[in-house]
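The structure appears below as structure tokens.
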Amino acid sequence: MDSVDEPAAEPRKRGRPKVSSDEDKRAHIVEVAGRVFVKYGYAGSTTAIVASEAGVSKQTLYKLFESKEELFAAVVGAHRRLMLDLPRPVEDISIAASLERIFMIDMDEDKDADRTGFLQLVFREAAQFPELVDILQREGMLASRQQLADWLSERRSEGRLTLDDTANGARMLMDMILGGMGPPEGRARAWPDRAQLFAHLRRCIAIFAAGVGAA
């Protein structure tokens, strides 16, 4: 009886970690790929470089991602949370304060550097590689903008702001805030220090909040 039960239990033990192992590998590869894309640009990045820097074989990488395009899409999707902290629970604070949290104005320096580098990559690569625009739109901007429009619609239904077109309002906010975070000329040229950047972003949010009657 013991000799029958033991082998039957063993495959289940080995089988469980495999799923989380693949998920962990996928997350690790996406994290490394993000740094590789920022460092080398889309054209200069290869799956071989990503696999090498992630410490995995190319076979393992291709098992999880069929192409460089799919890997780039996964990186864009993973970084979406660095752009907007949504969805989030209802908060008993002002609209302006909520928007500062949504756009993570007080993000720590390391995460802010990751976000800035990725924004620069997005702006640069979208112009140079039109075929990536669909990925950037689908996995990044459009999804984020819809989440923000939904949040604005919920606050409007609560009577906390007045905005006839929440989709347009979301676009306006993202143009202002993300444009300030990753200007085309580079942050070093645009902002002498982080304090001035964050002051500018808070002014943008305050102006928007006042404009929708939520000041």
* All positions within region 192-201 that are touching a helix residue (DSSP H, G or I) at 6+ places or on another chain (Cβ under 8 Å) and either among the hydroxyl-bearing types (Ser, Thr, Tyr) or surrounded by fewer than 18 Cβ atoms within 10 Å (Cβ to Cβ) (or both) -> Arg194, His200
* **Options Phe103, Phe123; residue that is aromatic (Phe, Trp, Tyr) and surrounded by fewer than 20 Cβ atoms within 10 Å (Cβ to Cβ)** => Phe123
* Could you list, in sequence order, the residues of region 48-74 that are closer than 16 Å to Arg138 by Cβ and open to solvent by 40 Å² or more (accessible area, probe 1.4 Å)? -> Glu69, Glu70
* **Top-ranked residue in region 158-172 [being within 21 Å of Asp85 (Cβ to Cβ) and either of a type in the set (Phe, Trp, Tyr) or without any contact (Cβ under 8 Å) to a residue 24 or more places away in the chain (or both); ranked as most open to solvent (accessible area, probe 1.4 Å)]** => Glu158
* Inside region 133-157, can you point out the residues that are within 16 Å of the chain's Cα centre (by Cα), crowded, with 16+ Cβ neighbours inside 10 Å and hydrophobic (A, V, I, L, M, F, W, C)? -> Ile135, Leu136, Met141, Ala143, Leu148
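Matching residues to (1) of a type in the set (D, E, K, R); (2) in a helix (DSSP H, G or I); (3) under 26 Å from Ala214 (Cβ atoms):
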| site | (1), (2), (3) |
| --- | --- |
| Glu91 | yes, no, yes |
| Met141 | no, yes, yes |
| Gln146 | no, yes, yes |
| Ala149 | no, yes, yes |
| Arg189 | yes, yes, no |
* Among Ile205, Ile177, which is at pLDDT 85 or above, closer than 17 Å to Ser94 by Cβ, surrounded by 14 or more Cβ atoms within 10 Å (Cβ to Cβ) and over 17 Å from the mean Cα position of the chain (by Cα)? -> Ile205
* Those residues that are at pLDDT 80 or above and part of a helix (DSSP H, G or I), I need them from region 99-112; list them, please. => Leu99, Glu100, Arg101, Ile102, Glu109, Asp110, Lys111
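The values are calculated or read from the model by the stated rules, or taken from the named source; none is laboratory data. Everything numeric here is computed off the predicted structure, so don't read it as measured data. In this analysis, Cβ positions are derived from the backbone assuming ideal geometry, glycine residues included, and neighbour counts consider all displayed protein chains. In case anyone asks, the SASA skips ligands and DNA or RNA and just uses the protein heavy atoms, side chains included. Shrake-Rupley method; radii C 1.70, N 1.55, O 1.52, S 1.80 Å.
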